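K.L.:
The following block contains the structure, expressed as structure tokens.
The values are calculated or read from the model by the stated rules, or taken from the named source; none is laboratory data. Only a predicted model underlies this, so the values are computations on that prediction, with no experimental measurement involved. Every residue, glycine as well, gets a Cβ built from its backbone with ideal geometry; the counts of neighbours run over all protein chains shown. SASA here: full protein model, heavy atoms, side chains in, ligands and nucleic acids out. Shrake-Rupley method; radii C 1.70, N 1.55, O 1.52, S 1.80 Å.
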Amino acid sequence: MTNAAWIKELPVAHRGYHDLNKAVWENTLSAFSRAVEAGFAIECDLHYASDAVPVIFHDEDLERLCNLKGDVRERTSQELGLISVGGTKDKVPTLKQLLALVQGKVPLVLELKGREADDEGFAEAVLDVLEGYEGKVALMSFDHWLLKDLKELNAPYPIGLTANGNTPEEYAAHEKAMEIGLDFISYYYADLPNPFITGQRDKGIPVITWTVRDEQARKQTFENADQMTFEGFDPRTAV
């Protein structure tokens, strides 16, 4: 296992420090620049473009963020790099561009957005881009096959389970995922407290939550977890 204690230290800006897509849009270099300036850790989403390049984008299709039809994975990273996000000057960035911007100034929490039976080479491509980067990085996913791929590739970064749920069946699935030696968990705040998370914290596993947007969610987070992934407010002040 890899020490993930640092993930507890700073609030994590969900898809960067955007303004709820008013002027600064999610998962853009502008949102990441604001997070660096504010001193927040950055969470963002990775998809696997058709030219095997990890790009930063949340949705599977382009419509909500780019007002275009089509699957993000059917475009090359170069094509995506020409597409405006939200009609702004920002384009869909690559992971490489994020690393060049941040330069280790704040931690990065990267979520791999997988597709079962269509992710061959994805984990390896992410690790290839990260090689030589001097800064704190953690990798996470909802998708157990990607977590296994990262472990099998001996990823030198903390690897975490992104999860939600409050049923015994869901807890059992999460416990099974943790058996491969995961280092932290990112859990949906509204499903806390629960016995799965309590048990993992008792074992010393750091837990962050998603996505905190108000004071009640922040309170629930810090009663039951170690740090929050937030959006829509400045965590240095009251919500």
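K.L.:
In this structure, does Ala190 turn out to be in contact with a helix residue (DSSP H, G or I) (Cβ under 9 Å, 6 or more places away or on another chain), part of a helix (DSSP H, G or I) and open to solvent by less than 10 Å² (accessible area, probe 1.4 Å)?
P.N.:
no
K.L.:
Looking only at segment 156-187, count how many residues are farther than 24 Å from Met228 by Cβ and either polar (S, T, N, Q) or in contact with a helix residue (DSSP H, G or I) (Cβ under 6 Å, 6 or more places away or on another chain) (or both).
P.N.:
1
K.L.:
Still on this model: Which residues, counting only those in segment 70-80, are under 22 Å from Phe32 (Cβ atoms) and open to solvent by 30 Å² or more (accessible area, probe 1.4 Å)?
P.N.:
Passing the criteria: Arg75, Thr76, Gln78, Glu79.
K.L.:
A follow-up question, please. So how many residues does segment 152-180 have that are under 21 Å from Gly199 (Cβ atoms), without any contact (Cβ under 8 Å) to a residue 60 or more places away in the chain and either surrounded by fewer than 16 Cβ atoms within 10 Å (Cβ to Cβ) or not hydroxyl-bearing (Ser, Thr, Tyr) (or both)?
P.N.:
Step one: list which residues in segment 152-180 are under 21 Å from Gly199 (Cβ atoms), which gives 158-180.
Cutting the leftovers down to without any contact (Cβ under 8 Å) to a residue 60 or more places away in the chain gives us 161-180.
Those left that are additionally either surrounded by fewer than 16 Cβ atoms within 10 Å (Cβ to Cβ) or not hydroxyl-bearing (Ser, Thr, Tyr) (or both): 161, 163-170, 172-180.
Summing the residues that are under 21 Å from Gly199 (Cβ atoms), without any contact (Cβ under 8 Å) to a residue 60 or more places away in the chain and either surrounded by fewer than 16 Cβ atoms within 10 Å (Cβ to Cβ) or not hydroxyl-bearing (Ser, Thr, Tyr) (or both) in segment 152-180 gives 18.
K.L.:
A further question on this structure: Being without any contact (Cβ under 8 Å) to a residue 40 or more places away in the chain and of a type in the set (Ser, Thr, Tyr) is the filter here, so list the residues in segment 25-66 that pass it.
P.N.:
Of everything in segment 25-66, just one residue is without any contact (Cβ under 8 Å) to a residue 40 or more places away in the chain and of a type in the set (Ser, Thr, Tyr), namely Ser50.
K.L.:
Can you name every residue in segment 186-211 that is among the β-branched types (Val, Ile, Thr) and either farther than 18 Å from Met140 by Cα or touching a His at 6+ places or on another chain (Cβ under 8 Å) (or both)? Full working, then the answer.
P.N.:
Keep residues of segment 186-211 that are among the β-branched types (Val, Ile, Thr), which gives 197-198, 205, 207-209, 211.
Listed by number, the residues that qualify are Thr198, Thr211.
K.L.:
For segment 38-59, does any single residue satisfy the condition of being at pLDDT 95 or above, open to solvent by 30 Å² or more (accessible area, probe 1.4 Å), within 15 Å of the chain's Cα centre (by Cα) and within 23 Å of Thr209 (Cα to Cα)?
P.N.:
Yes: segment 38-59 contains one or more residues that are at pLDDT 95 or above, open to solvent by 30 Å² or more (accessible area, probe 1.4 Å), within 15 Å of the chain's Cα centre (by Cα) and within 23 Å of Thr209 (Cα to Cα).
K.L.:
Next question, about the same structure. So the check is Cβ under 6 Å with 6+ separation or different chains; which pairs have a first residue in segment 1-17 that's charged (D, E, K, R) and a second one that's in a loop (DSSP other than H, G, I, E, B)?
P.N.:
As it stands, the answer is Lys8/Pro206; Lys8/Asp226; Arg15/Glu26; Arg15/Asn27, since those pairs meet every condition given.
K.L.:
Only one of Ala123, Ala117 is farther than 24 Å from Gly39 by Cβ, among the small types (Gly, Ala, Ser) and open to solvent by 10 Å² or more (accessible area, probe 1.4 Å); which?
P.N.:
Exactly one of Ala123, Ala117 is farther than 24 Å from Gly39 by Cβ, among the small types (Gly, Ala, Ser) and open to solvent by 10 Å² or more (accessible area, probe 1.4 Å), namely Ala117.
K.L.:
Of everything in segment 211-234, what is among the hydrophobic types (A, V, I, L, M, F, W, C) and either open to solvent by less than 10 Å² (accessible area, probe 1.4 Å) or assigned to a loop (DSSP other than H, G, I, E, B) (or both)? Give them in sequence order. So that I can check it myself, show each step before the final result.
P.N.:
As a first pass, look at segment 211-234 and keep what is among the hydrophobic types (A, V, I, L, M, F, W, C): 212, 217, 222, 225, 228, 230, 233.
If the condition is that a residue be among the hydrophobic types (A, V, I, L, M, F, W, C) and either open to solvent by less than 10 Å² (accessible area, probe 1.4 Å) or assigned to a loop (DSSP other than H, G, I, E, B) (or both), then Val212, Ala217, Ala225, Met228, Phe230, Phe233 are the ones that fit.
K.L.:
Taking segment 194-210, which residues are out of contact with any strand residue (DSSP E or B) (no Cβ under 7 Å at 6 or more places or on another chain) and in a loop (DSSP other than H, G, I, E, B)?
P.N.:
Within segment 194-210, Asn194, Lys203, Gly204 meet the criteria.
K.L.:
With the checklist (1) among the β-branched types (Val, Ile, Thr); (2) exposed (fewer than 15 other Cβ atoms within 10 Å of the Cβ); (3) in a helix (DSSP H, G or I) in hand, flag the one item Thr237 doesn't pass.
P.N.:
Evaluating Thr237 over (1) among the β-branched types (Val, Ile, Thr); (2) exposed (fewer than 15 other Cβ atoms within 10 Å of the Cβ); (3) in a helix (DSSP H, G or I) leaves (3) as the failure.
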